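Everything below concerns the one structure shown next.
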Amino acid sequence: MRSTIQAYLSGLKGKRVAVIGIGISNTPLIRLLLRAGISVTACDKRSREAFSGLAEELEGLGAQLRLGEDYLEGLDQDVIFRTPGMRPDVPQLAKAVRQGSTLTSEMEVFFQVCPCPIIAVTGSDGKTTTTTIIAELLKAAGRRVHVGGNIGNPLLPEAEDIQPEDIAVLELSSFQLMTMKQSPPIAVVTNLAPNHLDVHTSMEEYVDAKRNIFAYQHSGDRVVLNWDNEITRSFADTAPGQVTPFSRKQALERGVYIGTDSSGKEAIWAADDHGRRLVLPLDEILLPGVHNVENYMAAIAALDGMVSDEVIRAFAKSFGGVEHRIELVRTLNGVRYYNDSIASSPSRTTAGLRSFQEKVILIAGGYDKHIPFDALGPEITERVKALFLTGDTAPKIRAAVEAAPGYDPEALPIADYAGFEETILAAHRAAQPGDVVLLSPACASFDKFKNFMERGAAFKAIVNSLTP
């Protein structure tokens, strides 16, 4: 008996397929299609020299390559897989669809063929940590888990190995969700704030893309919503499934919230029609920051009835977080250096700043996603003792801080540097024993790096090279 993925691949036999983007998510897909005997044209803007032998490997498997600036011209294949970061309405794709091509993506097809339940997480901030917490809690409870989407491996090539009793946990971006016409049985929206407005035409389009994570749910499905976020709370009005809210700011009759135990200590509580129970004392959470409390609340709401409170508590005491997310790199001469390169938006940097009791030395700036920094200015004024800026957005961040109420140039010096390394070295020279130096850029990395991981790795290498 053939599996669903085998049936899907059989349905592509005799059809011509194009895959846009030869990157992390699509290269395994290209290999999968070629090994199934399907005609594949792999398209990428980069030149052959950029692929270090991968081009020859794919051609050896039977792929036709279309590389360089004109890689999107003449698309007329029966099925076209777009890369997640490409808008579906670019002229060449739109023309191909008008002429009869089917536009899809690795993640959309995975939803069609996945044989096990899916839990999916989206939001502006906290997606990766919440996804990781959910996956690790399920593993700790004895479940076989497959992690994918924005993190982990592309799952479509692994679909044949997935069993019905397994669970797939996915982190989904707005780009992946833009054309999604299926929703998982359990969906989580951590929060929403302006983001990726360099790609999305408006905030409305960005929000509508996120809405697809629950828009196609059924009545018995569950959507977990941040009740403290105005946008995500409004999703409850149109959610076809059951809404499970979580709130750090108010007690809920049904959902997950912060309350106190008999001794007055704060804890995460869960309430439903059968009553309420204390799930996790906040002082047992190893990860710093109130945003990580919210990440745990979202995970607890998603996994209610699937993972015991005992497993949750044991895990929270030992889980140190995900790389590049307020990651302690080292302590040198009494100064702690933290890598929060994931912070590619002002709201994410705000969460990072609020994770520390003391004022920090902040390194910020990067690629301009056309997100306003107005709200970040007052946060920096209140929580930063020295600001070191670099990248395309340095002037905008400086202007937002200098315009913030209460800004005092004597109390908060600001310095601008062209180079990433010289910015870090300057922050290092300014630090005194007891200080915190935090890389939390509030911007994407594309002005100097391929992605936030490369930026974080560069920061860690520079910090680890510092001598006492």
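One chain, two ends: Ser234 and Ala457. Fully extended at 0.36 nm per residue, the span grows by 76.5 nm beyond their Cα-Cα distance.
Estimated at 0.36 nm per residue, the fully extended path between Asp447 and Ala314 surpasses their Cα-Cα distance by 43.8 nm. From the square roots a ≥ b ≥ c of the eigenvalues of the alpha-carbon gyration tensor of segment 1-111, which class results: rounded (a/c under 1.5), prolate (a/b over b/c), or oblate? Oblate is the answer for segment 1-111, as a/c is 1.5 or above yet b/c matches or exceeds a/b. Partners of Lys127 within straight-line reach, counting aspartates and glutamates whose Cα lies under 15 Å from its Cα and excluding those fewer than 8 residues away in the same chain: Glu136, Glu171, Glu294, Glu323, Asp340. For segment 169-186, putting each phi into the Karplus relation 6.51 cos²θ - 1.76 cosθ + 1.60 with θ = phi - 60° gives couplings of 10, 10, 9, 10, 8, 5, 5, 5, 7, 3, 10, 6, 10, 9, 10, x, x, 10 Hz, in residue order, rounded to whole numbers and with x for Gly and Pro. The helix-based estimate of mean residue ellipticity at 222 nm for the chain, built from -39,500 (n - 2.57) per DSSP H run of four or more residues and divided by its residue count, is -9000 deg cm²/dmol to the nearest 500.
Heavy-atom accessible area with a 1.4 Å probe sorts Met453, Met107, largest first, into Met453, Met107. Here's the list of lysines a cross-link from Lys95 could span, going by alpha-carbon distance under 20 Å and ignoring same-chain residues fewer than 8 apart: Lys15, Lys45. Does segment 185-272 classify as rounded, prolate or oblate by the C-alpha gyration tensor (a ≥ b ≥ c root eigenvalues; a/c under 1.5 gives rounded; else a/b over b/c gives prolate, otherwise oblate)? Oblate. Taking the accessible area of segment 102-200, probe 1.4 Å, and keeping the other protein chains in place, the carbon and sulfur fraction comes to 46%. Across the cross-link table entries Lys317/Lys460; Lys181/Lys317; Lys249/Lys369, which are compared at the Cα atoms, the separations over 28 Å belong to Lys181/Lys317; Lys249/Lys369. Each label point was placed 7 Å from the Cα along the Cα-to-Cβ direction; for Val290 and Gln112 their separation is 4.5 nm. Going 7 Å from the Cα of Asp78 in the Cα-to-Cβ direction, what parts of segment 19-49 have a backbone nitrogen less than 17 Å from that spot? Under 17 Å, as judged by backbone N against the label point of Asp78, lie 19, 33-42 of segment 19-49. Residue ranges 366-377, 291-302 sort as 291-302, 366-377 when ordered by packing (mean number of other C-beta atoms within 10 Å per residue, highest first). Once the Cα-Cα distance is subtracted from the 0.36 nm per residue extended length, the Asp283 to Asp416 segment shows a gain of 44.1 nm.
Computed from the Kirkwood radius of its Cα pairs, the Stokes-Einstein diffusion coefficient for segment 248-362 at 25 °C and 0.890 mPa s stands at 158 µm²/s. Projecting label points 7 angstrom from Cα along Cα→Cβ for Glu57 and Asn333 puts them 4.4 nm apart.
Among 414-421, 253-260, the peptide with the highest mean count of other Cβ atoms within 10 Å heads the list, and the full ranking is 253-260, 414-421.
In this structure the amide hydrogen of Val19, modeled in the peptide plane, comes within under 5 Å of the amide hydrogens of Thr41, Ala42, Cys43, Phe81, none closer than 5 places in sequence on its chain.
The values are calculated or read from the model by the stated rules, or taken from the named source; none is laboratory data. All figures in this text were calculated on a predicted structure; none of them were measured in a lab. Here the Cβ is made from the backbone with ideal geometry for all residues, glycine too, and neighbour counts use every protein chain on show. Areas reflect the complete protein model, heavy atoms only, side chains present, ligands, DNA and RNA absent. Shrake-Rupley method; radii C 1.70, N 1.55, O 1.52, S 1.80 Å.
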